[in-house]
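All of the numbers you see were taken from the coordinates with simple rules; none came from a lab. Keep in mind it's a predicted model, so treat the numbers as computed, not measured. Quick reminder, even Gly has a Cβ in these numbers, built from the backbone with ideal geometry, and neighbours come from all protein chains shown.
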2 protein chains.
Amino acid sequence: MGEIVIVAVDAMGGDNAPVEIIHGAIDAVNAKENIKVILVGKEDVIKKELLNYNFNKDQIEIVHAPDIIETCEPPVMAIRKKKESSLVVALNLVKDKTADAFVSAGSSGAILVGGQLIVGRIKGVERPPLAPLIPTKDGVSLLVDCGANVDARPSHLVQFAKMGSIYMENVMGIKNPTVAIVNIGAEEEKGNQLVKETFPLLKACSDINFIGSIEARDIPNGYADVIVCEAFVGNVILKLYEGLGATLIGKIKEGMMSSFRSKIGALLVKPALKKTLKSFDASEYGGAPLIGLNGLVIKTHGSSKAKEVCNSILQCQKFKEHKINEIIKEIIGKDIVKKEVLNKEVTSNEATSKEE
Amino acid sequence: MGEIVIVAVDAMGGDNAPVEIIHGAIDAVNAKENIKVILVGKEDVIKKELLNYNFNKDQIEIVHAPDIIETCEPPVMAIRKKKESSLVVALNLVKDKTADAFVSAGSSGAILVGGQLIVGRIKGVERPPLAPLIPTKDGVSLLVDCGANVDARPSHLVQFAKMGSIYMENVMGIKNPTVAIVNIGAEEEKGNQLVKETFPLLKACSDINFIGSIEARDIPNGYADVIVCEAFVGNVILKLYEGLGATLIGKIKEGMMSSFRSKIGALLVKPALKKTLKSFDASEYGGAPLIGLNGLVIKTHGSSKAKEVCNSILQCQKFKEHKINEIIKEIIGKDIVKKEVLNKEVTSNEATSKEE
């Protein structure tokens with residue numbers, strides 16, 4: 001049994017709260033005995049729901065929070081005003097180190113803002129990206145950033161690449177993960193201003209395995225392990241993935257139900273198809289971590305069911321076990337030292353040239 | 001029989017040139033007797049290939065062009081240097097009104113640059129967008145812009161919305177088409193700088209049916225007829241559409257072939273599935289027009305086969321028949337007049353205030 005990981009779970013966030021959230025939490029503690037979940041939310045509601053399950057009482061704790069942040073609320077305002085909300089109370093548990101991690105299916109905006117304002121960034125991290133795993137032909141890729149920082153700058157994207165590599169190498173166990181930047185062509189001179197400025201910076205990074213540009217068509221092929229982009233583009237990729245997948249599967253089902261002959265066929269292919277399509281189901285991989293904070297914050301889909309909540313909680317264990325934040329601190333810390341040395345050199349050179 | 005439309009076709013452009021290109025041209029003239037195709041390229045190669053087909057000799061002409069622009073060449077340089085290339089020779093046929101339209105599966109960059117430099121923009125059009133039709137659940141949507149203008153400005157996006165509406169209403173026959181802007185949330189205050197600035201301008205347009213933001217997940221549902229975005233984002237959407245569709249269908253085939261039982265089922269569902277998936281095949285709708293030029297330029301996929309080339313040529317007929325460019329001239333012309341009036345008012349107000 002490894003080190004215990006304590007996960008604060010927003011019992012009130014998401015379309016299927018509290019039922020599916022609590023169900024997922026119970027599945028997680030029943031799967032691993034070194035996980036402890038703190039369910040944060042309305043105590044009476046949580047207590048009543050827990051009556052439906054068998055679990056080790058030592059692994060579940062309740063922290064009462066009477067308020068809820070709704071998805072439609074402006075995030076900054078909500079975080080500031082609703083101090084008694086499940087989201088704010090749970091994030092404070094991470095801030096004061098009572099919990100290692102936080103999992104929520106609630107308002108994306110509030111999670112992103114709250115993560116930065118309450119838990120805070122690791123020193124040197126300019127912007128913490130939201131980085132979901134997306135399914136590919138034979139595995140998964142990490143998409144950074146996916147909604148946390150629109151209109152990002154090149155230096156942000158370089159940090160996304162570094163932190164994404166650390167995540168894929170340590171949490172997903174991919175040795176020397178490949179990194180590519182989303183572009184509209186394979187050549188170095190292609191792209192918008194941001195990509196053109198970021199490309200040479202990534203190329204110059206000695207601590208990542210940068211393989212160049214990736215066109216969106218190659219993302220589902222699993223052409224790169226870490227896919228770097230600005231948040232607006234990342235959000236479009238993530239949501240189109242979901243939407244197109246659902247539409248295509250819907251069309252296929254419709255096609256299969258269109259004749260008597262095809263209906264019989266559908267019955268025969270169903271088990272095999274289900275298995276194949278399962279590998280393309282994002283909820284298999286848990287939620288998206290907000291990387292670069294002084295603690296782990298995981299955002300799961302608003303529509304999360306127990307499986308995704310459970311997988312997200314299990315993900316926290318890997319994050320802690322592999323000391324992701326310690327590695328990020330080290331790598332980003334080195335960059336800060338490098339920058340400081342450079343700045344000093346520049347200053348002393350300027351001083352010298354003035355003296356001359 | 002309607003007015004004759006003359007289409008210059010780049011016989012040498014694309015992965016499957018000249019065979020599939022010429023095949024598509026022949027299919028088009030054999031389908032419609034009011035289409036004439038000028039095949040531009042190496043005369044001997046074209047002549048030899050034409051021996052394989054039966055067609056009305058009056059509907060096919062050859063214009064010799066000894067040179068070819070390769071996909072890897074820098075577009076501006078290629079257009080300037082290779083005056084004898086099939087692409088430049090064909091675009092000049094549109095410029096001097098010998099042809100109404102141009103269709104090519106060749107280098108995207110060269111087609112975009114050549115269209116603007118040789119054929120030229122309609123007066124008042126700031127940037128001509130590339131606007132492919134993308135398949136949706138029950139129809140198609142027009143995606144503008146899709147690769148012609150990265151780092152566009154809000155005024156460009158407003159013109160994309162107007163020209164896109166004209167195209168969908170007249171070429172696709174959709175009355176009062178709905179227009180939406182790609183965004184990362186449904187609320188007006190969401191988005192990056194470009195979207196936030198463009199949103200109120202679109203809202204203020206009286207000549208389009210603007211319905212607000214569209215999240216990428218709703219694009220495949222056919223939530224809007226005209227989908228407006230900056231070219232980098234559009235290109236990502238288009239290419240992810242292609243890539244994800246191919247990967248998912250590949251996974252489904254793999255699943256169906258995974259057991260004896262599913263193989264039998266696959267045989268039974270195949271005809272129905274084929275029909276359903278055909279409606280999701282982009283090549284059914286022809287290529288992407290570059291809208292806002294003094295003539296029509298259509299870019300088809302580099303991998304185009306005869307069907308897509310043929311459909312692109314047929315598309316030119318609708319474009320001419322419905323006088324798309326005349327309508328664009330009128331609408332954009334009105335905007336120019338409005339701007340001039342506003343400028344005059346501002347100037348005369350300034351003059352008056354100075355006099356006072």
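Where both residues lie in the range B:131-282, what percent of DSSP beta bridges are antiparallel, nearest 5? If you can, show how the numbers build up before the last one.
On the way: 3 of 15 bridges.
That works out to approximately 20 percent antiparallel.
Taking amide hydrogens as modeled 1.01 Å from N in the peptide plane, which residues meet the under 5 Å criterion relative to A:Ile122, leaving out close sequence neighbours?
A:Leu293, A:Asn294
Can you put A:Arg127, B:Arg153 in order, fewest other beta carbons within 10 Å first?
Ascending Cβ contact count within 10 Å gives the list B:Arg153, A:Arg127.
Cross-link candidates for A:Lys344: which lysines have Cα within less than 26 Å, leaving aside residues fewer than 8 places away along the same chain?
Straight-distance partners of A:Lys344: A:Lys123, A:Lys162, A:Lys203, A:Lys329, A:Lys334, A:Lys354.
Rounded to the nearest 5, what % of the DSSP beta bridges within the protein assembly as shown are antiparallel ones?
Within the protein assembly as shown, antiparallel bridges account for around 20 percent of the total.
Quick check: from the Cα gyration tensor, does chain A come out rounded (a/c under 1.5), prolate or oblate?
Working: a/c = 2.03, a/b = 1.22, b/c = 1.66.
Oblate is the answer for chain A, as a/c is 1.5 or above yet b/c matches or exceeds a/b.
Which entries in B:Lys270/B:Lys318; B:Lys48/B:Lys83; B:Lys175/B:Lys251; A:Lys239/B:Lys253 show an alpha-carbon gap greater than 29 Å? Don't jump to the answer; show the numbers that get you there.
Details: B:Lys270/B:Lys318 34 Å; B:Lys48/B:Lys83 24 Å; B:Lys175/B:Lys251 38 Å; A:Lys239/B:Lys253 24 Å.
Violating the 29 Å Cα-Cα cut-off are B:Lys270/B:Lys318; B:Lys175/B:Lys251.
What is the distance, in nm, between label points placed 7 Å from the Cα along the Cα-to-Cβ direction at A:Lys97 and at B:Ser259?
5.2 nm
I need the GluC sites (Glu not before Pro) found in the range B:128-196, filtered to DSSP loop residues with at most 11 other beta carbons within 10 Å of theirs. All intermediate terms of the calculation are to be shown ahead of the outcome.
On the way: sites: B:Glu169, B:Glu187, B:Glu188, B:Glu189; in loops: B:Glu187, B:Glu188, B:Glu189.
Loop-located and lightly packed - B:Glu189.
Where does the Debye-calculated log10 I(q)/I(0) of the protein assembly as shown sit at q = 0.08, 0.09, 0.11 Å⁻¹, using only Cα point scatterers of equal weight, no solvent?
Log10 I(q)/I(0), no solvent term: -0.72, -0.89, -1.19.
Which whole-number percent gives the relative contact order of chain A, counting Cα pairs below 8 Å spaced six or more residues apart?
On the way: 680 pairs, mean separation 78.2, N = 356.
The normalised contact order for chain A reaches 22 percent.
Classify the range A:10-55 from the C-alpha gyration tensor, please: rounded if a/c falls under 1.5, else prolate or oblate depending on whether a/b exceeds b/c.
Numbers: a/c = 1.75, a/b = 1.50, b/c = 1.16.
Prolate.
For B:Lys81, list the aspartates and glutamates whose Cα falls under 17 Å from its own Cα; do not include residues on the same chain fewer than 8 positions away.
Cα-Cα hits under 17 Å: B:Asp67, B:Glu70, B:Glu73.
So for the range A:203-345, what are the equivalent ellipsoid semi-axes in whole Å, largest first, each being the square root of 5 times an eigenvalue of the Cα gyration tensor?
Whole-Å semi-axes of the equivalent ellipsoid: 41, 19, 13.
Please report, for A:Lys253, the nm distances (one decimal) from its label point, 7 Å out from Cα along the beta-carbon direction, to the equivalent points in the remaining copies, shortest first.
In nanometres, ordered from closest: 2.4.
For the range B:131-282, max minus min Cα coordinate along each principal axis, in Å, sorted largest first?
59, 31, 27
Each label point is 7 Å from the Cα along the Cα-to-Cβ direction; what then is the distance between the points at A:Asn52 and A:Lys344, in nm?
Each label point lies 7 Å from its Cα, and together they span 6.1 nm.
Only loop residues by DSSP count here, and only those with at most 11 other Cβ atoms within 10 Å; note down the GluC sites (Glu not before Pro) in the range B:1-87 that meet that.
Numbers: sites: B:Glu3, B:Glu20, B:Glu33, B:Glu43, B:Glu49, B:Glu61, B:Glu70, B:Glu84; in loops: B:Glu3, B:Glu33, B:Glu70, B:Glu84.
Here the GluC sites (Glu not before Pro) that fit, given the DSSP loop and packing criteria, are B:Glu3.
Given springs between every Cα pair under 10 Å in a Gaussian network model of chain A, which of A:Leu290, A:Leu314, A:Leu273 has the largest fluctuation?
Of A:Leu290, A:Leu314, A:Leu273, the Gaussian network model singles out A:Leu273 as fluctuating most.
Hydropathy first: keep DSSP H helices in chain B averaging at least -1.0 on Kyte-Doolittle, then drop any whose Cα extent along the axis falls short of 15 Å, and list what survives.
The qualifying helices are B:19-31, B:154-170, B:193-203, B:231-256, B:260-278, B:306-321, B:324-355.
Only Cα pairs under 8 Å and at least 6 apart count here; give the relative contact order of the range B:1-153 as a rounded whole percent.
Here the relative contact order equals 23 percent.
Give, as ranges by residue number, the residues of the range A:105-124 whose backbone N falls under 18 Å from the point 7 Å along Cα→Cβ of A:Arg80.
Only A:109-120 fall inside the zone, counting backbone N under 18 Å.
DSSP loop trypsin sites (Lys or Arg not before Pro) in the range A:216-325 with at most 14 other Cβ atoms within 10 Å of their Cβ, which ones? Numbers along the way, then the final one.
Numbers: sites: A:Arg217, A:Lys239, A:Lys251, A:Lys253, A:Arg261, A:Lys263, A:Lys274, A:Lys275, A:Lys278, A:Lys299, A:Lys305, A:Lys307, A:Lys318, A:Lys320, A:Lys323; in loops: A:Lys305, A:Lys323.
Of the trypsin sites (Lys or Arg not before Pro), the ones in loops of the range A:216-325 whose Cβ has at most 14 other Cβ atoms within 10 Å are A:Lys323.
List the aspartates and glutamates whose Cα sits under 19 Å from the Cα of B:Lys36, skipping any in the same chain fewer than 8 residues away.
In chain and number order, the partners are B:Glu3, B:Asp10, B:Glu20, B:Asp27, B:Glu49, B:Asp58, B:Glu61, B:Asp96, B:Asp100, B:Glu308, B:Glu321.
Could you tell me whether the range A:233-296 comes out rounded, prolate or oblate from its Cα gyration tensor? Rule is a ≥ b ≥ c as square roots of the eigenvalues, rounded for a/c under 1.5, then prolate if a/b exceeds b/c, otherwise oblate.
Details: a/c = 6.27, a/b = 2.40, b/c = 2.61.
Note, shape of the range A:233-296 comes out oblate.
Would you mind counting up the charge near A:Pro18? Only other residues with Cβ under 12 Å from its Cβ, with Lys and Arg at +1 and Asp and Glu at -1.
-3
Have a look at the DSSP beta bridges in chain B and tell me what percent are antiparallel, nearest 5.
20 percent
Using a 7 Å offset from Cα along the direction of the beta-carbon, what are the separations from B:Gly173 to the same position in each other copy, nm, ascending?
Label point to label point, same position, other copies: 5.7 nm.
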